[in-house]
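Trainee: One structure coming up, written as structure tokens, with questions to follow.
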Amino acid sequence: MLSIDIQGLDQVQQRLRAVLTQMGQTAPRALFEEGSRIMNVSHDLVPIDTGLLRSTGYVTQPILDGQGATVELSYGAQGQAPYAAVQEFSTWFNHPHGGQAMFLSEPFFAATGGMLLRLAEAIRSGMGG
């Protein structure tokens with residue numbers, strides 16, 4: 001009969017719980033920072049008429065649920081600029097004062113190229129790694 005005695009398993013489980021807790025705090029912060037970077041790029045692309053649309057851009061604080069964390073990036077906060085979606089997707093509009101269509105989509109899709117690596121590095125760095 002073979003007998004194996006594993007010692008230290010309690011400490012390993014305790015460390016894993018600590019790592020998951022720390023990661024659970026670091027990952028949402030990293031996601032918010034990524035969203036903020038996208039919004040900073042987007043800000044310079046927003047069409048300008050009165051400046052209202054540009055002033056309504058926001059990134060929400062992370063929302064945690066059983067699946068993970070989410071942040072929302074948007075313009076037109078609290079109905080202040082209900083035309084935000086029209087400006088975003090209407091590629092035929094002329095913007096004589098600057099800006100462009102796809103002012104949020106374009107920076108978002110550009111950011112997806114290295115997003116997972118940046119998030120992983122932010123989480124690793126935030127955990128002292």
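The values are calculated or read from the model by the stated rules, or taken from the named source; none is laboratory data. All figures in this text were calculated on a predicted structure; none of them were measured in a lab. Here the Cβ positions follow ideal geometry from the backbone for every residue, glycine too, while neighbour counts run over all protein chains shown. SASA here: full protein model, heavy atoms, side chains in, ligands and nucleic acids out. Shrake-Rupley method; radii C 1.70, N 1.55, O 1.52, S 1.80 Å.
Trainee: Place the peptides 107-118, 37-48, 76-87 in order of packing, highest mean first, counting for every residue the other Cβ atoms within 10 Å and averaging per peptide. It would help to have the intermediate numbers written out before the result.
Mentor: Numbers: 107-118: 12.6, 37-48: 17.4, 76-87: 14.2.
Highest mean packing first, the order is 37-48, 76-87, 107-118.
Trainee: Percent relative contact order of region 21-129, based on C-alpha pairs within less than 8 angstrom and at least six residues apart?
Mentor: Values: 144 pairs, mean separation 37.2, N = 109.
Computed over region 21-129, the figure is 34 percent.
Trainee: Suppose accessible area is computed on protein heavy atoms with a 1.4 Å probe; arrange T91, T70, T26 from highest to lowest. Let's see the in-between values first.
Mentor: Values: T91 100, T70 70, T26 5 Å².
Largest accessible area first, the residues go T91, T70, T26.
Trainee: Any idea how far apart S36 and T50 come out in nm if each label point goes 7 Å out from Cα toward Cβ?
Mentor: Reported label-point gap for S36 and T50 is 2.9 nm.
Trainee: In region 29-129, carbon and sulfur make up what percent of the accessible area (probe 1.4 Å)?
Mentor: Working: 3660 of 6180 Å².
Of the solvent-accessible surface of region 29-129, carbon and sulfur hold 59 percent.
Trainee: In what order, largest first, do I63, I123 sit by accessible area if the probe radius is 1.4 Å? Don't skip to the end; give the middle numbers.
Mentor: Working: I63 100, I123 35 Å².
Largest accessible area first, the list is I63, I123.
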